[in-house]
Amino acid sequence: MTSTQTPIVRMQKLHKHFGSLHVLKDIDLEIVPGEVVVVIGASGSGKSTLIRCINGLEEFQSGSLDVDGNTLLPNGKSSQALQTIRTEVGMVFQQFNLFPHLSVLDNVTLAPMKVRGWSRQDAEETAKRLLDRVGIADQANKYPSQLSGGQQQRVALARALAMEPRLMLFDEPTSALDPEMIGEVLDAMRELAKEGMTMVIVTHEMGFAREVADRIIFIHKGEIAEQGTPEQLFDSPQHERTQSFLARVL
Ligand code: ADP
Ligand code: MG
């Protein structure tokens with residue numbers, strides 16, 4: 001991690017409310033290119049909301065947010081930046097969100113053709129390469145319902161990568177999977193991290209977090225309570241609330 005680099009994400013004093021619920025409180029967060037950041041915290045602490053703000057899926061009420069030079073303004077007043085950010089930031093969700101009526105191949109080629117204007121031939125070449133990379137080249141002509149959960153999530157990953165994102169967000173990508181399929185998805189993510197992709201990952205897989213993260217962020221009730229390297233966070237957490245959270249999950 002080279003902290004002298006220009007950050008790809010710069011969040012300053014960000015506040016997010018859902019009605020009267022103050023969900024994110026004064027979040028300052030900078031992420032540099034190539035960095036792998038894992039976000040941990042109890043259910044309801046604001047992890048999903050935090051990463052959904054980064055690609056504009058959630059509006060925020062005050063503060064500032066810059067993603068790869070595109071500025072998102074409070075209350076959604078930045079539609080052009082939002083469009084750019086959506087094409088540059090890939091996201092993988094807990095529920096795979098594949099298009100059920102499209103083949104695996106068409107799931108992966110759709111956005112590059114529609115949004116990037118690629119020819120079908122170019123999009124299919126890239127899609128096949130990506131499906132191969134996540135180990136499911138032989139599933140290209142099947143429909144999502146014919147695949148296991150682990151395979152579907154790898155399609156979702158290939159689909160996001162097809163847009164050549166500058167940044168990838170993951171929101172509990174293995175939480176909906178049967179235990180025996182978690183490893184294959186984590187392996188694909190591990191490879192991506194090794195290749196230098198900038199990643200923000202919400203996960204409860206603490207072993208994986210320790211292994212791939214450059215930095216762990218612990219969110220408590222909408223605030224960054226503590227952050228540091230995996231060694232710092234897991235082996236010598238400074239705050240009582242980090243300690244009690246880790247005591248419950250480790
Ligand atoms: P986490 O991902 O850490 O479990 P979330 O970011 O999903 O937490 O949620 C943080 C808080 O915001 C929770 O109290 C949740 O109930 C609330 N929340 C999340 N999404 C919405 C929404 N669309 N409308 C109202 N409240 C929401
Ligand atoms: Mg969540």
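Read the figures in this text as sums done on the coordinates, not as results from a lab. Bear in mind the structure is a predicted one, so any value in this text is a computation, not a measurement. As a convention, Cβ positions derive from the backbone with ideal geometry for all residues, glycine included, and neighbour counts pool all protein chains shown.
DSSP loop (so not H, G, I, E, B), at most 16 other Cβ within 10 Å: list which trypsin sites (Lys or Arg not before Pro) in the range 50-139 pass both filters.
Here the trypsin sites (Lys or Arg not before Pro) that fit, given the DSSP loop and packing criteria, are 77, 116.
Over the range 39-178, what number does the Rg to Rh ratio reach, with both radii from the alpha-carbon atoms and Rh per Kirkwood?
1.00
Treating the angle as unsigned and between 0 and 90°, give the value, to the nearest 10°, between the Cα long axis of helix 240-249 and the longest Cα principal axis of the chain.
Compared with the principal axis, the helix lies near 40 degrees.
Placing +1 at every Lys and Arg Cβ and -1 at every Asp and Glu Cβ, with all other atoms neutral, what dipole size does the range 152-250 have around its Cα centre, in debye to the nearest 20?
220
Using the Karplus equation 6.51 cos²θ - 1.76 cosθ + 1.60 (θ = phi - 60°), what ³J(HN,Hα) coupling, rounded to whole Hz, does each residue of the range 53-63 give in order, writing x for Gly and Pro?
Per residue, the Karplus-derived 3J(HN,Hα) values read 5, 5, 10, x, 6, 10, 7, 10, 9, 8, x Hz.
Taking θ as phi - 60°, what are the ³J(HN,Hα) couplings along the range 25-36 by the Karplus curve (6.51, -1.76, 1.60), each to the nearest whole Hz, with x for Gly and Pro?
10, 6, 7, 10, 8, 10, 10, 9, x, x, 7, 10
Please list, by residue number, every one of the GluC sites (Glu not before Pro) in the range 127-221 that is coil in DSSP and has at most 16 other beta-carbon atoms within 10 Å.
195
For the range 189-250, which trypsin sites (Lys or Arg not before Pro) are in a loop by DSSP, counting at most 15 other Cβ atoms within 10 Å?
Passing both the DSSP loop test and the Cβ count: 221.
Using a Cα distance threshold of under 22 Å, what count of lysine pairs results for the chain when pairs must be 8 or more residues apart or interchain?
16
For residue 23, which sequence-distant residues (separation of 5 or more, or a different chain) have an amide H within less than 5 Å of its own amide H, given hydrogens modelled in the peptide plane?
Amide H neighbours of residue 23: 16, 17, 18.
Among 69, 56, 150, which one moves the most in a GNM of the chain with springs linking Cα atoms closer than 10 Å?
69
So what's the convex hull volume per residue for the Cα atoms of the chain, in Å³?
In the chain, the Cα hull volume divided by residue count equals 129 Å³.
Along the range 164-181, what does the Karplus equation 6.51 cos²θ - 1.76 cosθ + 1.60 (θ = phi - 60°) give for ³J(HN,Hα), rounded to whole Hz, x for Gly and Pro?
For the range 164-181, the Karplus curve yields 6, x, 8, 8, 10, 10, 10, 10, 6, x, 10, 5, 9, 9, 5, x, 6, 9 Hz.
Search the structure for amide H atoms under 5 Å from the amide H of residue 198, placed 1.01 Å from N in the peptide plane, and list their residues when 5 or more places away or on another chain.
Long-range HN contacts for residue 198: 34, 168.
Amide H neighbours of residue 219 under 5 Å, at least 5 residues apart or on other chains, H built in the peptide plane: list them.
Residues meeting the amide H criterion: 40, 41, 225.
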